[in-house]
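Written below as structure tokens is the structure these notes are about.
Nothing in this text is a laboratory measurement; each read-out follows from the coordinates by a stated rule. This one's a predicted model, so the numbers in the text were calculated from it and none came from an experiment. Backbone-built Cβ (ideal geometry, glycine too); neighbour counts: all protein chains shown.
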Amino acid sequence: MISFSKPAINYPRSIRPRRLRSTSTLRAMVRETELNAGDLIYPLFVRHGTGRTQIRSMPGVFQLSVTEAVREAEAAFGLGIPAIILFGIPAAKDPVGVENFAPDGIIQQAIRAIKREVPEMIVVTDVCLCEYTDHGHCGLLNAQDGISPPPGRSLPEGYVLNDPTLDILGKVALSHAECGADIVAPSGMMDGMVAAIRAALDEGGFENTPILSYAVKYASSFYGPFREAAEGAPKFGDRKSHQMDPANVREALREAALDEAEGADMLMVKPALAYLDVIRAVKQSFPELPLAAYNVSGEYAMVKAAAANGWIDEARVTLETLTAMKRAGADLIITYHAVDAAKWLKG
Ligand code: PBG
């Protein structure tokens, strides 16, 4: 029998945090962080052809035809999601990835179609080489046809060349802007990528197109399902020569500072869930720049797998996770759960 009459523990009885948790209205009044559909950016994978193809490791996520992508963008916008981010799967790959900046490339077609049908939707485009190159790397490689290493330096075969890649990134970003992209988002972690893209955009007359830099992007194992989705896995090696070591946070501030100095309009930390401390640190050091967090494919796949087994409640876990990312300091969240989350938020 438990006795309620004589309290054994001494604590300040007049101070009771539970007073503010007694009803849902009161809890809502004192809530510190609010998650809204307007915070979300919805990633779409676009490919040639018709219809849609389910991505095996990302239930509910598809490779879409241009028509299907328009449909998906319309539905998302109707739910209050203000932006999509586009990833393209080209018809053919080569060492440079020429479809990346082709006027009729898959992304170029998708941007034009979405801006025509859903003009108010903010179209963000991922700017990288890895989905377009036959080797699957984020830049031009040493010892490929027609590409030589910077003078005076000997680099290992297969090393991702920095400066030759910058020219291509500038071309890609400009071609996206010419098709109507609202924001370009370089994700390749090349040094100087923001400056190169800013220069290319300005020269092309797009000085008003903002850059959302994947400023702090880790060499993470959480990208596994994305590489199936975008067919952009490296054919050999890894991305550790350019993406960050998961052990580092001070280096994140260095990357963010450089990108700000180069003219980035918004910053990103990626992945999100295992890097909430990094989101916090970047927000504290760069409070004036909008910060996005990328809730990546592996984070999505883990939730989906556990939910499919009935081990967790997908809606509640997802909203809790997204709220945590905002609480950590993210202003915007890129998430495959965007459409579902927007529906769940409506209740
Ligand atoms: C590179 C890119 C990647 C992701 C977004 N942009 C893959 C990589 O760096 O290997 C990963 C996103 C995710 O896992 O959801 N274009």
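Loop-resident chymotrypsin sites (Phe, Trp or Tyr not before Pro) (DSSP state other than H, G, I, E or B) in the stretch 274-335 with no more than 11 further Cβ atoms inside 10 Å of their Cβ: Trp311. Here the label points at Arg21 and Ala143, each 7 Å from Cα along the C-beta direction, are separated by 6.0 nm in the simple model. Taking one quarter of the surface of the C-alpha convex hull of the stretch 34-346 gives a mean projected area of 15.5 nm². If you take the Cα centroid of the stretch 25-84 and the Cα centroid of the stretch 289-338, the two points sit 12 Å apart. When the helices of the chain are scored as -39500 (n - 2.57) per DSSP H run of n ≥ 4 and the total is divided over every residue, the value at 222 nm lands at -11000 deg cm²/dmol. Which of Ala342, Ser241, Cys128 sits farthest toward the positive end of the charge dipole of the chain, with +1 on the Cβ of Lys and Arg and -1 on the Cβ of Asp and Glu? In the chain, that residue is Ala342. When the chain is treated as a GNM with alpha-carbon contacts under 10 Å, the residue of Met29, Met121, Met325 showing the greatest mean-square fluctuation is Met29. The angle between the Cα long axis of helix 276-285 and the main principal axis of the chain comes to about 80°, on a 0 to 90 degree scale. Only alpha carbons enter this Debye calculation for the stretch 188-347, each as an equal point scatterer, and the log10 of I(q)/I(0) it gives at q = 0.13, 0.17, 0.21 Å⁻¹ is -0.67, -1.07, -1.37. Across the stretch 222-238, computed HN-Hα scalar couplings (Karplus, 6.51 cos²θ - 1.76 cosθ + 1.60, θ = phi - 60°) run 7, 8, x, x, 4, 5, 6, 4, 9, 6, x, 6, x, 6, 8, x, 9 Hz from first to last residue, x flagging Gly and Pro. Springs between Cα atoms under 10 Å define the GNM used for the chain, and in it the highest mean-square fluctuation of Ala229, Ala247, Ala301 occurs at Ala247.
Projecting label points 7 angstrom from Cα along Cα→Cβ for Ala306 and Thr53 puts them 3.1 nm apart.
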